[in-house]
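Enquirer: My questions will all concern the structure given below.
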Amino acid sequence: MIKVIWICLFFILSGCVTPKQLEELGLVTAVGYDNEDGMLKGSIIYYEFDPLHPNNTKMVTSLAHTSKGVRQKENLASSRRLVSGQLRVAIYGEELAKGGIISIIDTLSRDSEVGTMSYLAVSKPQAYDLLQLSQESEDVTNAGTFLYDMITQNVEADSLLSPTLHEFMQCYYSEGRDPVLPLLNFKDGTIIIEGISLFQEDKVVGQIDSSDSFYLKLLLDPFEAGSTEVILPKEKVKEFILSSNNKQEESVYLSLDHLRSDTDIKLQDKQTPSFSINIKIKTRMQEISENYDLGNPEAIKRMEATIGKDMEGQLIEVLNKSKEMGADPIGFGNYYRAEVGYDSFSKEEWREHYQNAEFKVKIDVEILRTGVMD
């Protein structure tokens, strides 16, 4: 009897599935959106399965008033049925993103074919130009898979905050935190991550350098295998420099890796508001640009203290930049709401309070091992 039931279920379920021949489909791997004369300009990169042409990607562009309208017109311009099940990244032109993109992203999130782990990004040039240049590039055979691999390896290396569709929507609907996305550009024949775009809700309000994104990562997501380069004033550590490789250089350059961090953020004063940020970092010095006395415990302590002070200043600078733009990428609003209570919290009032926020930062650095000297 059980065997009969399984056979019946097999035929019933198989009859409900619409067969899709791979050779008849265009597998969309990247989409881009721009604003053009008040209309939405959509661009897609899609892959056609062809054993004779293994890197057969094509680009289609169309204009409409909605993203669904864009897709309908793109289908009319393609010989294959376009499907989104392999979508790797959605790119939004910076000009469009400054006006707000939640309606487009929300439509994407409601598409059952699109996975919530697809990446989102902002493009410095128009998304169309970025994708068009990628099609002509020898380094980029498929913009969707290229960007997916590039973003993934930077996320895994603790160099970039994960910009998935799920995480963007989570930040957007969080009343006390704003989203961030990587900022893309096309230089020297390839696509690069130029920085980080900061949002206020769904609108881009500014950007920070890719080097500054280290400090966002430091506060938002504890490092497990991170690395960074630190630039210190030579004056602060000169007594432990055995011999200078470059007497004209006023700075000492260090490369830190195997970085581990632990961050504690607390609201100290509700009225100001004022936040205390305490961070503990354990790391390895992989490289230093001077002949430093690494065998001297006092020299290591001086280096640890100097790195900590430098990072404190850099972190406060990044937080003040974000505050001036009106973006709260760290989610200080959530810490504030946890103290004052949900009923007493208003997003509009928090925006006003945030402009007066103060940050007291203490970073303790411990160098566990030293590497080679340059």
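Enquirer: Compute the projected area of the convex hull of the Cα atoms of the chain, averaged over all viewing directions, and report it in nm² to one decimal place.
Expert: Working: hull surface 107.0 nm².
Projected area, direction-averaged: 26.8 nm².
Enquirer: Could you list which residues have their amide H under 5 Å from that of Gln86, counting only those 5 or more apart in sequence or on another chain, with H placed in the peptide plane?
Expert: Answer set, sorted by chain and number: Val28.
Enquirer: Less than 12 Å Cβ to Cβ from Lys301, Lys/Arg counted +1 and Asp/Glu -1: what total charge do the surrounding residues give?
Expert: Numbers: positive: Arg302; negative: Asp293, Glu298, Glu304, Asp364, Glu366.
Charge balance near Lys301 sits at -4.
Enquirer: Can you send over the carbon and sulfur percentage of the accessible area for the stretch 280-365, probe radius 1.4 Å, protein chains only? Kindly include the intermediate steps, with their values, before the conclusion.
Expert: Working: 1760 of 4140 Å².
Carbon-and-sulfur percentage of accessible area, whole number: 43.
Enquirer: Counting only other residues whose beta carbon sits under 14 Å from that of Ser344, what net charge do I get with K and R as +1, D and E as -1? Spell out each step's value before the answer.
Expert: Numbers: positive: Lys270, Arg337, Lys347; negative: Glu175, Glu339, Asp343, Glu348, Glu349.
Taking every Cβ under 14 Å from that of Ser344, the sum is -2.
Enquirer: Follow-up question, since we're still on this one. Looking at the stretch 226-312, which trypsin sites (Lys or Arg not before Pro) are in a loop (DSSP not H, G, I, E or B) and have at most 10 other Cβ atoms within 10 Å?
Expert: Values: sites: Lys234, Lys236, Lys238, Lys247, Arg260, Lys266, Lys270, Lys280, Lys282, Arg284, Lys301, Arg302, Lys309; in loops: Lys247, Lys270.
For trypsin sites (Lys or Arg not before Pro) across the stretch 226-312 that sit outside H, G, I, E and B with at most 10 neighbouring Cβ atoms in 10 Å, the list reads Lys247.
Enquirer: Tell me, what ³J(HN,Hα) does each residue in the stretch 66-79 have, in order and in whole Hz, if you take phi through Karplus 6.51 cos²θ - 1.76 cosθ + 1.60 with θ = phi - 60° and put x for Gly and Pro?
Expert: 9, 5, 5, x, 4, 5, 4, 5, 5, 5, 5, 9, 10, 7
Enquirer: Specify the angular offset, from 0 to 90 degrees and rounded to the nearest 10, of the alpha carbon long axis of helix 297-325 from the longest principal axis of the alpha carbons in the chain.
Expert: 50
Enquirer: Let me ask something additional. Would you please give the residues with an amide H less than 5 Å from that of Ser251, counting only those at least 5 places away or on a separate chain, with H modeled from the backbone geometry?
Expert: Counting only residues 5 or more places away or on other chains, the set is Lys234.
Enquirer: Over the stretch 134-264, with the other protein chains present, what is the accessible area per residue in square angstrom, probe 1.4 angstrom? Don't skip to the answer; put the middle values down first.
Expert: Details: 6180 Å² over 131 residues.
Result: 47 Å² per residue.
Enquirer: What's the whole-number percent of alpha carbon pairs in the stretch 27-166 lying beyond 26 angstrom?
Expert: Details: 1688 of 9730 pairs.
Percentage above 26 Å: 17.
Enquirer: At q = 0.14 Å⁻¹, what log₁₀ I(q)/I(0) does a Debye calculation on the Cα points of the stretch 204-296 give, no solvent, two decimals?
Expert: Per q value, in the given order, log10 I(q)/I(0) is -0.71.
Enquirer: Ordered by residue, what ³J(HN,Hα) values in Hz, to whole numbers, does the stretch 340-350 give under the Karplus form 6.51 cos²θ - 1.76 cosθ + 1.60, where θ = phi - 60° and Gly and Pro are x?
Expert: With coefficients 6.51, -1.76 and 1.60, one gets 7, x, 4, 5, 8, 9, 10, 4, 5, 5, 5 Hz.
Enquirer: How are the alpha carbon pair distances in the stretch 104-208 distributed across 10 Å bins from zero to the largest one, expressed in percent?
Expert: Whole-percent P(r) values from 0 Å outward: 14, 45, 35, 6, 0.
Enquirer: Follow-up question, since we're still on this one. Find how many whole Å separate the alpha carbon centroid of the stretch 119-143 from the alpha carbon centroid of the stretch 252-300.
Expert: Taking the Cα centre of each part, the stretch 252-300 and the stretch 119-143 sit 36 Å apart.
Enquirer: Where the eigenvalues come from the Cα gyration tensor of the stretch 119-176, what are the semi-axes √(5λ) of the equivalent ellipsoid, largest first, in whole Å? Show your work: numbers first, answer last.
Expert: On the way: eigenvalues 125, 46, 14 Å².
Square roots of five times the eigenvalues give 25, 15, 8 Å.
Enquirer: Then there is this: Rounded to the nearest 500, what is the 222 nm mean residue ellipticity of the chain from helices alone, with -39500 (n - 2.57) per DSSP H run of 4+ residues and division by all residues?
Expert: Numbers: 12 runs with 129 residues, N = 374.
Estimated from H runs of four or more residues: -10500 deg cm²/dmol.
Enquirer: Could you estimate the translational diffusion coefficient of the stretch 148-280 from the Stokes-Einstein equation, with Rh from the Kirkwood formula over C-alpha pairs, at 25 °C and 0.890 mPa s, in whole µm²/s? Write out the running numbers ahead of the final one.
Expert: Values: Rh = 17.5 Å.
In µm²/s, the coefficient rounds to 140.
The values are calculated or read from the model by the stated rules, or taken from the named source; none is laboratory data. Only a predicted model underlies this, so the values are computations on that prediction, with no experimental measurement involved. FYI the Cβ positions are ideal-geometry reconstructions off the backbone, even for glycines, and counts take in every protein chain you see. Just so you know, the surface numbers come from the protein's heavy atoms only, side chains and all, with ligands and any DNA or RNA stripped out. Shrake-Rupley method; radii C 1.70, N 1.55, O 1.52, S 1.80 Å.
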